[in-house]
């Protein structure tokens with residue numbers, strides 16, 4: 001009696017299952033990369049808003065004798081600051097609003113600046 005020859009290779013079902021697993025993994029990576037991109041864009045906008053706020057506070061510190069409250073919109077980032085003079089210092093409260101995907105971020109900054117007369 002002769003033995004039947006064994007055939008090496010994959011069956012059609014094994015190939016279909018492997019393709020399904022690969023497809024689910026690729027779709028998961030694509031979805032998470034979109035989320036990461038949105039998060040990075042939002043963080044970049046928030047970082048720009050913080051830089052604008054710090055720049056405003058430094059400008060107020062350099063001109064503390066003549067500083068007034070105000071409002072400014074720069075690159076879609078709205079900045080509103082209120083200054084309060086006390087005998088030797090100036091207190092600055094700045095509210096920054098920036099657009100973010102699906103919402104608006106709001107951050108408040110406070111600083112006390114020593115300002116001799």
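Quick look at the numbers
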quantity	calculated
Flag if residue 15 is on the phi < 0 side of the Ramachandran plot, outside any loop (DSSP other than H, G, I, E, B), surrounded by 11 or more Cβ atoms within 10 Å (Cβ to Cβ) and at pLDDT 90 or above	yes
Strands (runs of 3 or more DSSP E) within region 43-117 that include 2 or more residues surrounded by 14 or more Cβ atoms within 10 Å (Cβ to Cβ) and in contact with a helix residue (DSSP H, G or I) (Cβ under 7 Å, 6 or more places away or on another chain)	77-85, 89-100, 103-114
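Quick grid of which residues meet (1) over 18 Å from residue 107 (Cβ atoms); (2) modelled with pLDDT under 90:
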{"position": "30", "(1), (2)": "yes, no"}
{"position": "39", "(1), (2)": "no, yes"}
{"position": "63", "(1), (2)": "yes, yes"}
{"position": "74", "(1), (2)": "no, yes"}
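Yes or no, residue by residue, for (1) within 19 Å of the chain's Cα centre (by Cα); (2) farther than 30 Å from residue 116 by Cα; (3) in contact (Cβ under 8 Å) with a residue 24 or more places away in the chain:
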position	(1), (2), (3)
8	no, yes, no
19	no, yes, no
39	yes, yes, no
43	yes, yes, no
60	no, no, yes
63	no, no, no
80	no, no, no
96	yes, no, yes
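The values are calculated or read from the model by the stated rules, or taken from the named source; none is laboratory data. These numbers come from a predicted model, not from an experiment. Here the Cβ is made from the backbone with ideal geometry for all residues, glycine too, and neighbour counts use every protein chain on show.
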